[in-house]
Amino acid sequence: MSCNYPVNSCTEVYLIRHAEKDRTDPLNKNPHLNENGKERSLLWNEYFKNNKIDAIYSTNYNRTIETILPISISKGIKPIIYSPTNINYDSFFRKEKGRTILVVGHSNTIPGFVNGLIEKDYYEQINDTVNSNLYIVKKCPEEINHNVIQVHSLQQ
């Protein structure tokens, strides 16, 4: 995805769902990551190692914070806690203009966040077993591009 605009006039947003969570207690509404989730958080860290990230947004749950913790530590960025129900997408773009942002959320919030950014009802909720989606939104002054890829390993 490339825009033919000055770099600082475009905003790039990466959006992921939290990594695999511990499902041993179905009543636990705030589980931690399981071993596969911890491995995936390290995979995300490797994936973004050479990407510029200016800010990280996370919901206030163990699984989302733990997903981006390796990235947060390696980049020295404290996550900004957000509520998926209280996002004003115009304000978000104004605040983050020209920056590269990582957002972590949930199967029922990340597609809606992407749809809000692109102003279209395009992406459906993520299946509860899918933790590998990476949504990429790039907004420049006169255009917006978006896509989703699957990240299972670094050999893609």
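The values are calculated or read from the model by the stated rules, or taken from the named source; none is laboratory data. Predicted, not measured: the structure shown is a model, and the values here were computed from it. Backbone-built Cβ (ideal geometry, glycine too); neighbour counts: all protein chains shown.
Brief remarks on what is shown
- If you go through the stretch 5-48 and keep only what is among the hydrophobic types (A, V, I, L, M, F, W, C) and either out of contact with any Leu (no Cβ under 8 Å at 6 or more places or on another chain) or under 18 Å from Asn131 (Cβ atoms) (or both), you end up with Val7, Cys10, Leu15, Ile16, Ala19, Leu27, Leu33, Leu42, Leu43, Trp44, Phe48.
- The residues of the stretch 8-39 that are under 20 Å from the mean Cα position of the chain (by Cα) and of a type in the set (A, V, I, L, M), listed by number, are Val13, Leu15, Ile16, Ala19, Leu33.
- Check on Ile68, touching a Phe, Trp or Tyr at 6+ places or on another chain (Cβ under 9 Å), in a helix (DSSP H, G or I), free of Cβ contacts under 8 Å to residues at least 60 places away in the same chain and surrounded by 13 or more Cβ atoms within 10 Å (Cβ to Cβ): yes
- Candidate set from the stretch 8-30 (those that are among the hydrophobic types (A, V, I, L, M, F, W, C) and within 20 Å of Val103 (Cα to Cα)); member that is surrounded by the fewest Cβ atoms within 10 Å (Cβ to Cβ): Cys10
- Residue check for Ser58: under 13 Å from the mean Cα position of the chain (by Cα), polar (S, T, N, Q) and over 26 Å from Lys97 (Cβ atoms): no
- Sub-8 Å Cβ pairs linking a first residue in the stretch 91-107 that is farther than 9 Å from Val13 by Cβ to a second residue that is of a type in the set (Phe, Trp, Tyr), at least 6 apart or interchain, are Val104/Tyr57; Gly105/Phe113; His106/Tyr61, ordered by first then second residue.
- Cross-chain or 6+ apart pairs with Cβ under 6 Å, the stretch 22-34 first and within 13 Å of Thr67 (Cβ to Cβ) and hydrophobic (A, V, I, L, M, F, W, C), then at pLDDT 95 or above and assigned to a loop (DSSP other than H, G, I, E, B): Leu33/Ala19
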